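Input: a single structure, listed below in structure tokens.
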Amino acid sequence: MPRQWTADLSVGNSEMDGQHRRLFDLALLLWRSAEDPAIDSQATIDAIIDYTYEHFANEERYLRSIGYPGLRDHQRNHGNIFVALDNIINRFADDERRVLVRELSEFVSEWLVRHILHEDMAYGRFVAERRRRTDAGAAGEVSGLERLRQLKSALDEGLITAEDYERRKQDVLERM
């Protein structure tokens, strides 16, 4: 049976976590299609592939927006999943569909776990470190002008809200 999304797979971004959960749900649906003829396994496979493309595009756009330094490697890793999926699909004839959907379902969920834990968590740590540096600046470890630059950068990267930016900016200006 395929694995399911659990909180320890959270990358700290609700949109990416939601998309990961959806992929796990599709893997489980594919697994169930081996026993339930009411579930169209081919349509589920197509949904997995389509949603995976959509998720990868969204994730890569997000990584680009935060200036993630591992983006190229991450994109290469994303490309490898489609090669592996094609290899599994091409190994099976139609009469072995039940075996195919189970293997594919397990493969998708296991790959997701490995990818999230080893690849996606890296960008979660990257964002967390940026936030830590931004918060450290608030503690007075850098000059007021540098702190204002950091706050503006955090706002531009979506790490803080506009309201939080204004409040923090006012604090820095009062201390200068």
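Annotations
- Structure-derived percent of Cα pairs over 26 Å apart: which label, when the choices are [x] 43; [y] 37; [z] 40: [x]
- Here the contact order of region 11-121, divided by its residue count and restricted to Cα pairs under 8 Å and six or more residues apart, works out to 41 percent.
- Loop GluC sites (Glu not before Pro), region 13-120, which have at most 16 other Cβ atoms in a 10 Å radius of their Cβ (DSSP): Glu35
- Here region 20-176 is assigned +1 on the Cβ of each Lys and Arg and -1 on the Cβ of each Asp and Glu. Its dipole about the Cα centre then comes out at about 860 debye.
Read-outs: derived from the displayed coordinates by stated rules, not from any lab. Keep in mind that what you see is a predicted model, and the values were worked out from it rather than measured. For neighbour counting, all protein chains shown are included, and Cβ atoms are generated from backbone atoms with ideal geometry for every residue, glycine included.
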